[in-house]
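Enquirer: This is the structure I want to talk about, given as structure tokens.
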Amino acid sequence: MDILEILLSASFWAAAIRIASPLIFATMGELICERAGVLNLGIEGIMVAGAFAGWIAVWAGLPLWGGVAIAMIAGMGFGALHGVLSVLFGLSQHVVGVGITLLATSLTFYTYRVALPEVSTPPKIEAFKVLEIPLLSDIPIIGQALFAQTPLTYLAFGLTAALAWILYRTPLGLAVRAVGESPASVAAQGLSVAAIRMGAVIFGSGLMAVGGAFLTMSAFDSFFFDMVNGRGWICIALVVFGAWRPGKALLGAILFAAFDAFQIRLQQTGIGVHVPYQIFLMMPYILSILALVLMSRRAEVPAALMVPFNKGER
């Protein structure tokens, strides 16, 4: 009965959507990169950098949306570096991605210590407030889950819809998907494979950084180094879970977030008294791995993913 009460409560689904929001931004960013043929393992570090850049910008005096813009610019900067090394120079995307993560996290730590050398507790900012949509927020259960969230959550869902439309209904989306499947065919049409891939990596990295900024500017009101806590790696798995499709990836993010919200509430029931809390912490990851195994068996990987392209070569 406790479990059923949790699953049918509005607060549970509201928490699940809130937890899913940063995952949606970062997953869409990774999906764009991989659709263009580039695996971006720098996602974890880019999310950390975005979380810090947005927070410090707002703390310095910029408005909240200005902080979001600064976070996105920071992410795009790391994306540009990733693109130059992996797309233009053709270096290993695995090595470059891990290097970007190490660089972004280390640079964030260094900048934090330089900017706030004597601060033991990070200062707080005025974060985004919950924006309830009249009438819709009064709908039982789904009203509070979908229509009583912060503006960044609404932006995450709108972004997913826009990305799906662009990828499957516009020439730009066709070009992005084509360079991830058959870059030689794109080059034969007179388009620049390098430019399309660079653009995808830069923009996708910007979205990853906005996902990090959500944590400091919407979920919380401060910054600490462990707040990303592996979410970037989860987003890479969510892209596979969603079979490189925005809609399915969105559902995967909500599913993982629901598992996470569920384990938190389950610890507060009578069951949680008799079970080590580490078991509950493992639950969302174990369930996500099982779901990933089931879904990924039928997924079609972009044919040119992680394959460098040199014009003129066959």
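The values are calculated or read from the model by the stated rules, or taken from the named source; none is laboratory data. Keep in mind that this is a model prediction, so the values were computed, not measured. Please note: Cβ atoms are built from the backbone with ideal geometry, for glycine as well, and neighbour counts cover all protein chains shown. Quick note on the areas: whole protein, heavy atoms, side chains included, nothing else; ligands and nucleic acids left out. Shrake-Rupley method; radii C 1.70, N 1.55, O 1.52, S 1.80 Å.
Enquirer: At residue 172 and residue 116, where each label point lies 7 Å from the Cα along Cα→Cβ, what is the point-to-point distance in nanometres?
Expert: The answer from the label model is 3.6 nm.
Enquirer: Show me, for segment 89-103, the HN-Hα J-couplings you get by feeding each phi into the Karplus relation (A = 6.51, B = -1.76, C = 1.60, θ = phi - 60°), rounded to Hz, glycine and proline as x.
Expert: Calculated HN-Hα couplings, in order: 8, x, 6, 4, 5, 5, 5, 4, x, 5, x, 5, 4, 5, 5 Hz.
Enquirer: Another question, then. Simple spin-label model, 7 Å along Cα-to-Cβ: residue 9 to residue 60 in nm?
Expert: 4.1 nm
Enquirer: Further question on the same structure: On a full-extension model of 0.36 nm per residue, what is the gain between residue 243 and residue 222, subtracting their alpha-carbon distance, rounded to one decimal in nm?
Expert: Numbers: separation 21, 0.36 × 21 = 7.56 nm, distance 3.43 nm.
Stretched out fully, the residue 243 to residue 222 stretch lengthens by 4.1 nm.
Enquirer: In 5 Å bins starting at zero, report the fraction of Cα pairs in segment 1-116 per bin as a rounded %.
Expert: Histogram of Cα-Cα distances, whole percents per bin: 2, 11, 16, 19, 16, 12, 9, 7, 5, 2, 1, 0.
Enquirer: What part of the accessible area of the chain, given as a whole %, is carbon or sulfur when the probe is 1.4 angstrom? Could the numbers behind the result be given before it?
Expert: On the way: 10290 of 14880 Å².
Roughly 69 percent of what the probe reaches on the chain is carbon or sulfur.
Enquirer: OK, next. Rank 10, 47, 195 by how far each Cα sits towards the positive end of the charge dipole of the chain (+1 on Lys, Arg Cβ; -1 on Asp, Glu Cβ) and give me just the farthest.
Expert: It is 195, whose Cα lies furthest towards the positive end.
Enquirer: Moving to a separate point now. Counting only other residues whose beta carbon sits under 12 Å from that of residue 166, what net charge do I get with K and R as +1, D and E as -1? Could the numbers behind the result be given before it?
Expert: Numbers: positive: 35, 169, 177; negative: none.
Computed value for this residue: +3.
Enquirer: Can you give me the orientation-averaged projected area of the convex hull built on the Cα atoms of the chain, in nm²?
Expert: Values: hull surface 71.5 nm².
Computing the convex hull of the Cα atoms and averaging its projections yields 17.9 nm².
Enquirer: With a probe of 1.4 Å, find how much accessible area the chain has per residue, and write the answer as a whole number in Å².
Expert: Values: 14880 Å² over 314 residues.
Ligands and nucleic acids excluded, the result is 47 Å² per residue.
Enquirer: Suppose the chain between residue 107 and residue 84 were pulled fully straight at 0.36 nm per residue; how much longer would it get relative to their current alpha carbon spacing? The partial results should precede the final answer.
Expert: Numbers: separation 23, 0.36 × 23 = 8.28 nm, distance 1.90 nm.
Gain on stretching residue 107 to residue 84: 6.4 nm.
Enquirer: Quickly estimate the mean residue ellipticity at 222 nm for the chain, helices only: each DSSP H run with n ≥ 4 gives -39500 (n - 2.57), and the total goes over all residues, rounded to 500. Can you show the working numbers first?
Expert: Values: 14 runs with 212 residues, N = 314.
Rounded to the nearest 500, it is -22000 deg cm²/dmol.
Enquirer: Quick one: check the C-alpha center-to-center distance for segment 137-157 versus segment 62-110, whole angstrom.
Expert: 30 Å
Enquirer: Roughly what would the spin-label model give for residue 162 and residue 138, points 7 Å off Cα along C-beta, in nm?
Expert: 3.1 nm
Enquirer: Here's another thing I want to ask about it. Quick check: net charge around residue 279, other residues with Cβ under 15 Å of its Cβ, Lys/Arg +1 and Asp/Glu -1? Show your work: numbers first, answer last.
Expert: Details: positive: 265; negative: 260.
Its environment carries a net charge of 0.
Enquirer: Still on this structure: Any chance you could tell me what percent of the C-alpha pair distances in segment 108-259 go past 29 Å? Could you put the intermediate results ahead of the total?
Expert: Numbers: 3931 of 11476 pairs.
Above the 29 Å cut-off, segment 108-259 has 34 percent of its Cα pairs.
Enquirer: Along the charge dipole of the chain, pointing to its positive end and built from +1/-1 on Cβ of Lys, Arg, Asp and Glu, which listed residue (150, 163, 19) has its Cα farthest out?
Expert: After comparing all options, I get 163.
Enquirer: Relative contact order of the chain, please, whole-number percent, based on alpha carbon pairs below 8 angstrom and at least 6 residues apart. Kindly include the intermediate steps, with their values, before the conclusion.
Expert: On the way: 544 pairs, mean separation 111.8, N = 314.
That works out to 36 percent.
Enquirer: Once Lys and Arg get +1 and Asp and Glu get -1 on their Cβ, which of 232, 186, 213 lies farthest toward the positive end of the dipole of segment 144-292?
Expert: 186
Enquirer: Same structure, new question: Relative contact order for segment 115-255: what percent, with Cα pairs under 8 Å and sequence separation of 6 or more? Walk me through the numbers on the way to the answer.
Expert: On the way: 100 pairs, mean separation 36.1, N = 141.
The normalised contact order for segment 115-255 reaches 26 percent.
Enquirer: Given Cβ point charges of +1 (Lys, Arg) and -1 (Asp, Glu) and nothing else, what value in debye, to the nearest 20, does the dipole of the chain about its Cα centre take?
Expert: Details: 16 positive and 15 negative charges, 155 e Å.
So the dipole magnitude of the chain works out to roughly 740 debye.
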